[in-house]
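All of the numbers you see were taken from the coordinates with simple rules; none came from a lab. Computed from a predicted model, the values in this text were never measured in an experiment. Cβ placement follows ideal geometry from the backbone for every residue including glycine, while neighbour counts extend to all protein chains displayed.
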Amino acid sequence: MSDSAVRPLRVAIIGAGPAGVYAADILTKAEREFEVSIDLLDAYPAPYGLIRYGVAPDHPRIKGIVNALHKVLDRGDIRFLGNVTYGRDVTLSDIRDMYDAVIFATGAIKDADMNIPGIGLEGSYGAADFVSWYDGQPDVPRTWPLEAKEIAVLGNGNVALDVARVLSKHAEDLLVTEIPENVFEGLKDSPVTDVHIFGRRGPAQVKFTPLELRELSHSRDVDIVLYPEDFEFDEASDALIKSNNQVKTMVNTLTNWIVEEQDTGASRRLHLHFLHNPVEVIGEDGKVAGIKFERQELDGTGNVRGTGEFVDYPVQAVYRAIGYFGSELAELEFDEKRGVIPNAGGRVLDGKGTHVPGLYATGWIKRGPVGLIGHTKGDALETIGNLLEDRMELPPAVNPSEDAIIELLQSRGVEFTTWEGWKKLDAHEIALGTAASPTETSVGPVERTRIKVVDRDEMVKISRD
Ligand code: NAP
């Protein structure tokens, strides 16, 4: 019997977002005849990945998931090591020396590409980059150009709704959230009056979800504008509305918004357009000046075809929210088409399609950026099930001591953070919110729950103090 069969199984999970934490939790609780010892590594100094750096600040309901993840990490049986970048601070061979198995849970944080003329103009942005900015991700610039009065948001998913909502809200109304100061300062001066969301298919083919849609109408001093000519339903749409309650609810919400008077004379408007396929971002002096669409019609199957009719909208900024894309990881194969690590049920594959013993993937880097956060649990169950099944064939670590990674990071001068460090930063951010409360606004005093620290060095300093 090898040494790894009697000592605890050492597992490294790369990525402390929901996918990584769920995998760690499921592995910890799984029925098994051996001990496990798990390290959760993350490139950010703070845990929670997508929840801290991907969920819109005015979504406290989803932020509630943080409480569940906090409980898991606070039990003390999973070790968090933040500010450690895979491929830079630690290599694959370092990790393989110290752990019997590695699970990659690095998610997807880039924007999917869109290839239409003018997409590279100044004023054309990826939604994921904007999300990173408003969520205070440490590695992006602190300022964001918000000079446009009219803005186009492309896509009909939840990210499009998040981005359009944040762009159209009055900044003061975000002060109750945890937005960083630089984000409030940036949004405060935005001259925006009209945000247009464009879907290329019909109202029954949207990808967003009912709660998120309804939330759009809750913004103060923002009117919703819809266009009756966009409300087209084919046979497939009717069947979908009948069979799918979620679609039915959303179509009802949208049609009710047309029927009810939405024009209250608000100073900002949020327009929802359907059956608009973007074909060109129009430029003037190198900057976005408009956007051209081909009107679409449903083809009976829920898909669309072009009508040959084109329509232009004057806008000064374009945000494409057409999906996320995973990033390649050092020393691993990468599926360039899907933006995932090639895998079979979470077992990482090499270039020949053979499982690389000891390597696993879970979450968006395993299956692509689709599904709500909770769906990641099912993913983790499958990956962990396969890892446990492979238990006896895992290549044993040569240096399985729990101190090994700490010594390696220290020898390389990596200023890693810990769970205790996160608790300090967490308390610090909450204290910043308390100290700034109440903040006087034009609609009265606001209590601030937390103010996020954005600067990486400052995050590390507070955590390691
Ligand atoms: P998504 O749900 O996949 O939506 C992408 C949208 O972009 C679709 O409407 C798609 O239209 C459109 N699109 C794709 N390529 C296009 C193109 N070339 N031109 C025009 N439109 C194009 O992606 P997402 O919004 O990035 O969301 C990713 C995942 O995160 C989803 O599962 C989402 O629910 C989740 N999420 C959830 C929340 C929340 O719960 N509050 C918040 C944010 C994100 P077609 O349908 O026609 O392809």
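In region 110-324, what percentage of the DSSP-assigned beta bridges are antiparallel, given to the nearest 5? Could you put the intermediate results ahead of the total?
On the way: 16 of 39 bridges.
Once the DSSP bridges in region 110-324 are tallied, antiparallel ones form about 40 percent.
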Histogram of C-alpha separations across region 110-324, 10 Å bin width, %: 8, 34, 37, 17, 3
Longest principal axis of the chain (C-alpha) makes with the long axis of helix 60-74 (C-alpha) an angle, in degrees to the nearest 10, of 0 degrees
With angles folded into 0 to 90 degrees, how steeply does helix 158-168 sit against the dominant principal axis of the chain? Use alpha carbons for both and round to 10. 60 degrees
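Residue 302: net charge of surrounding residues, Cβ under 9 Å, Lys/Arg +1, Asp/Glu -1, itself excluded? Each step should come with its number before you reach the end.
Details: positive: 201; negative: 234, 235, 299.
Every neighbour counted, the sum reads -2.
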Distance in nm between pseudo-label sites at residue 336 and residue 260 (7 Å out along the Cβ direction from Cα): 5.0 nm
I need the P(r) histogram for the chain: all alpha carbon pairs, bin width 20 Å from 0 out to the longest distance, whole percents. 23, 51, 24, 1
FRET efficiency for residue 227 and residue 267 from the Cβ-Cβ distance with R0 = 22 Å, rounded to 0.05, comes out at 0.60
For helix 245-259, what angle does its Cα long axis make with the longest principal axis of the chain, in degrees from 0 to 90 and rounded to 10? 30 degrees
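Would you list 441, 264 from fewest to most Cβ contacts within 10 Å?
Values: 441 14, 264 9.
In increasing order of surrounding Cβ atoms, one gets 264, 441.
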Hey, fewest Cβ within 10 Å first, where do 275, 211 land in order? 211, 275
Tell me, how many Å apart are the Cα centres for region 132-171 and for region 298-314? 26 Å
